[in-house]
Amino acid sequence: MAKYKERRQARKNKESTMKIIGLFPYIKRARVADVTLELIAILENAGYDVLLEAENSAELGRKDLGFPLQEMLDRIEVGIALGGDGTLLQAARLLRRKQTPVFGVNLGHMGFLTEIDDHDIGEAVRRLQAGEFYLEDRIMVEAKIQRDGKAGETLVGLNDIVIAKGTSPRMLRMEIRIDGHLTAGFAADGLIVTTPTGSTAYSLSAGGPVLEPRLNVLMLTPICAHSIFARPLVVGRDAKIEISFTSLPGGAMMTADGQEGIRLQEGDVIGCYTAPQPTRLVRFQERSFYDLLKERFRDI
């Protein structure tokens with residue numbers, strides 16, 4: 001349990017010595033390129049080495065900062081995602097193996113996961129340099145396909161793993177086992193296996209409850225289940241979830257954070273569990289989750 005507890009570290013902690021920063025900008029979004037260039041200038045003036053994926057560096061006119069993605073991931077000591085929540089989700093998946101800390105600059109609509117707004121980037125760099133931050137671990141969910149009796153592809157999400165019927169008009173018919181015990185069987189448009197972080201995303205729209213993000217649990221939320229008794233189910237972080245299908249329409253998909261996907265086939269069995277590595281978020285200030293919840297959903 002200890003490694004998944006919220007990690008808070010005092011001022012002048014060892015992370016304040018980090019000097020290699022990787023930027024993950026969603027350049028297609030308005031203003032992101034300008035804000036990224038502004039951030040690069042601030043970081044360089046503060047003595048940081050800045051790395052970008054080669055394609056992004058070329059688009060920004062800073063080819064001198066460009067590296068192949070894997071080399072960039074191996075070298076950086078902290079990541080900064082510039083865009084919306086989706087940009088941070090993508091960066092989190094890339095950085096999870098080395099547990100590289102990451103935070104987001106909100107240039108999107110919701111900004112539920114991002115830590116700062118673009119007008120705060122100078123102050124954020126100052127705090128990063130001074131060690132005035134703490135780290136917060138968020139569990140991730142991992143899903144692995146068993147196909148023809150062999151281990152298949154794997155997806156990992158910070159928000160969720162979604163199994164959906166895709167474009168087919170037919171529902172999925174599935175059985176769910178928890179730690180080997182048959183727990184539920186129903187027909188539905190799909191199933192969301194969500195982390196507490198993802199409980200305010202797709203799962204919320206499907207009728208799932210909001211979970212406090214520091215909880216060490218996973219939740220299963222049916223999507224439009226044709227059943228009186230199919231309700232969201234919360235399980236412990238050590239639970240092993242197995243999902244099999246008695247009817248699987250063509251076009252059914254499994255996706256992670258709505259960004260990476262795998263087409264499912266007849267006979268597939270999906271195992272879901274808490275991923276071995278959490279996402280490590282950089283936090284600059286203590287904020288009540290419930291205040292943030294009220295603030296972010298107030299204007300929707």
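The values are calculated or read from the model by the stated rules, or taken from the named source; none is laboratory data. If you're wondering where the values come from, they're calculated on a predicted model, not measured in any experiment. Cβ atoms come from the backbone with ideal geometry, glycine included; neighbour counts cover every protein chain shown.
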- Query: If you go through region 274-296, how many residues are assigned to a helix (DSSP H, G or I) and touching a residue at least 24 places away in the same chain (Cβ under 8 Å)?
  - Reply: 4
- Message: Anything in region 135-157 that is within 21 Å of GLU286 (Cβ to Cβ) and either free of Cβ contacts under 8 Å to residues at least 40 places away in the same chain or touching a helix residue (DSSP H, G or I) at 6+ places or on another chain (Cβ under 9 Å) (or both)? List them, or say none.
- Response: LEU135, ASP137, ARG138, ILE139
- Message: Among the numbered criteria (1) surrounded by fewer than 16 Cβ atoms within 10 Å (Cβ to Cβ); (2) closer than 30 Å to THR114 by Cα, which one does HIS226 miss?
- Response: (2)
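Okay, residues lined up against (1) in contact (Cβ under 8 Å) with a residue 60 or more places away in the chain; (2) of a type in the set (A, V, I, L, M, F, W, C); (3) farther than 16 Å from ARG138 by Cα; (4) surrounded by fewer than 19 Cβ atoms within 10 Å (Cβ to Cβ):
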{"residue": "SER57", "(1), (2), (3), (4)": "no, no, yes, no"}
{"residue": "ARG62", "(1), (2), (3), (4)": "no, no, yes, yes"}
{"residue": "ILE80", "(1), (2), (3), (4)": "no, yes, yes, no"}
{"residue": "ALA92", "(1), (2), (3), (4)": "yes, yes, no, no"}
{"residue": "ARG96", "(1), (2), (3), (4)": "yes, no, no, no"}
{"residue": "GLN99", "(1), (2), (3), (4)": "yes, no, no, yes"}
{"residue": "VAL105", "(1), (2), (3), (4)": "yes, yes, yes, no"}
{"residue": "GLY108", "(1), (2), (3), (4)": "yes, no, yes, no"}
{"residue": "HIS119", "(1), (2), (3), (4)": "no, no, yes, yes"}
- Residue by residue through region 121-150, note down the ones that are surrounded by fewer than 16 Cβ atoms within 10 Å (Cβ to Cβ), modelled with pLDDT of 90 or more and among the small types (Gly, Ala, Ser). GLY122, ALA130
- Query: Of all residues in region 186-205 being farther than 27 Å from PRO276 by Cα and without any contact (Cβ under 8 Å) to a residue 40 or more places away in the chain, which is surrounded by the most Cβ atoms within 10 Å (Cβ to Cβ)?
  - Reply: ASP189
- Message: Looking at region 151-163, can you tell me whether even one residue there is touching a Lys or Arg at 6+ places or on another chain (Cβ under 6 Å) and either in the same structural domain as ARG283 (by TED's automatic domain parsing) or crowded, with 24+ Cβ neighbours inside 10 Å (or both)?
- Response: no
- Query: Is it true that some residue in region 274-284 is surrounded by 15 or more Cβ atoms within 10 Å (Cβ to Cβ), at pLDDT 95 or above and small (Gly, Ala, Ser)?
  - Reply: yes
- Message: Restricting to region 215-238, name every residue that is in a loop (DSSP other than H, G, I, E, B), over 20 Å from the mean Cα position of the chain (by Cα), under 30 Å from GLU136 (Cβ atoms) and touching a residue at least 12 places away in the same chain (Cβ under 8 Å).
- Response: PRO232
